[in-house]
1. Kindly check whether there is at least one residue in region 81-98 that is in contact with a helix residue (DSSP H, G or I) (Cβ under 9 Å, 6 or more places away or on another chain) and open to solvent by 70 Å² or more (accessible area, probe 1.4 Å).
2. Select from region 126-149 the residues that are open to solvent by less than 10 Å² (accessible area, probe 1.4 Å) and in a strand (DSSP E or B) and write down the one among them that is farthest from Val163 (Cα to Cα).
3. Does Leu101 meet the test of being in contact with a helix residue (DSSP H, G or I) (Cβ under 6 Å, 6 or more places away or on another chain), under 22 Å from Glu177 (Cα atoms) and open to solvent by less than 60 Å² (accessible area, probe 1.4 Å)?
4. Let me spell it out: the conditions are (1) farther than 20 Å from Phe72 by Cβ; (2) of a type in the set (D, E, K, R); (3) surrounded by fewer than 18 Cβ atoms within 10 Å (Cβ to Cβ), and Arg159 meets all of them except one. Which number is the exception?
5. Based on what the data block shows, is Leu175 open to solvent by less than 60 Å² (accessible area, probe 1.4 Å) and out of contact with any helix residue (DSSP H, G or I) (no Cβ under 9 Å at 6 or more places or on another chain)?
6. What number of residues in region 63-116 are outside any helix (DSSP H, G or I), farther than 24 Å from Leu50 by Cα and aliphatic (A, V, I, L, M)?
7. Provide a single number: the residues in region 92-115 that are under 23 Å from Leu74 (Cα atoms) and out of contact with any Gly (no Cβ under 7 Å at 6 or more places or on another chain).
8. Filter region 40-49 down to residues that are surrounded by 13 or more Cβ atoms within 10 Å (Cβ to Cβ) and part of a loop (DSSP other than H, G, I, E, B) and give me whichever is modelled with the highest pLDDT.
Amino acid sequence: MDYILLLRGVNVGGNRKISMTELKEQFIIQGFENVSSYINSGNLLISSALEKQACIDALQSLFRSHFFELDFVLLDTVQYKKMLELAPSWWGENEEWRHNLAFVLAPYTAEDLRALTAQINSEYEHCKVCGNAIFWSSSFTTHYSKTMWSKLMKQAIYRHLTVRNRNTALKLRELIERN
């Protein structure tokens, strides 16, 4: 099975550093195949004969034994591409806005995301929940302080999200299709 692995909060602001080269080497030692990474912030493509839950368990063990406790999202590549097909037309439309794709981590769920997005003002931002992910576009210059996105880091759920900007999300799909 081919997977996309999205790590939360690595190599950001000089914290929780992981060498992608070392990480890829450890994945290969552990039996993962076709290991590649995109940029240094924890975006990896991997293949494994393991079913998804067994793969998650193996990854958690690897992170604990060779690096540190690490939150992540593991999606099969077909699931990831299908999710991007559901992207709303406004996601990426306004060049003055930021366009992100956020993935929720346990113990939070899509329902928690819906509760959060119910608080947005559509004049300044747009959100669409797709499973345990959310397409989120928001003003970044004008009226940024009025967006829910600007307040997100103060929310409990923020520590349980891993976020990719639109360019990264689309580049990952391109890399999947190329493999």
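1. Yes; the residues of region 81-98 include at least one that is in contact with a helix residue (DSSP H, G or I) (Cβ under 9 Å, 6 or more places away or on another chain) and open to solvent by 70 Å² or more (accessible area, probe 1.4 Å).
2. So, considering only residues that are open to solvent by less than 10 Å² (accessible area, probe 1.4 Å) and in a strand (DSSP E or B), the one farthest from Val163 (Cα to Cα) is Ser139.
3. Details: in contact with a helix residue (DSSP H, G or I) (Cβ under 6 Å, 6 or more places away or on another chain): yes; under 22 Å from Glu177 (Cα atoms): yes; open to solvent by less than 60 Å² (accessible area, probe 1.4 Å): yes.
Yes.
4. (1)
5. Working: open to solvent by less than 60 Å² (accessible area, probe 1.4 Å): yes; out of contact with any helix residue (DSSP H, G or I) (no Cβ under 9 Å at 6 or more places or on another chain): yes.
In short, yes.
6. Residues of region 63-116 that are outside any helix (DSSP H, G or I), as a first pass: 67-76, 86-109.
Remaining after also requiring farther than 24 Å from Leu50 by Cα: 86-102, 108-109.
Okay, now just the ones that are also aliphatic (A, V, I, L, M), so 86-87, 101-102.
Looking only at that region, the number is 4.
7. Filtering region 92-115 for residues under 23 Å from Leu74 (Cα atoms) gives 99-114.
Narrowing the set further to residues that are out of contact with any Gly (no Cβ under 7 Å at 6 or more places or on another chain) leaves 100-109, 111-114.
Going through region 92-115 one residue at a time, the tally reaches 14.
8. Start the filter on region 40-49 by keeping residues that are surrounded by 13 or more Cβ atoms within 10 Å (Cβ to Cβ), which leaves 40-48.
Next, only the ones that are part of a loop (DSSP other than H, G, I, E, B) stay: 40-42, 48.
Numbers: Asn40: 80, Ser41: 80, Gly42: 86, Ser48: 96.
It comes out as Ser48.
The values are calculated or read from the model by the stated rules, or taken from the named source; none is laboratory data. It should be emphasised that the depicted structure is a prediction, and the values quoted were computed from it without experimental measurement. All Cβ positions, glycine included, derive from the backbone under ideal geometry; neighbour counts span all protein chains shown. Protein only, heavy atoms only, side chains kept; ligands, DNA and RNA dropped before computing areas. Shrake-Rupley method; radii C 1.70, N 1.55, O 1.52, S 1.80 Å.
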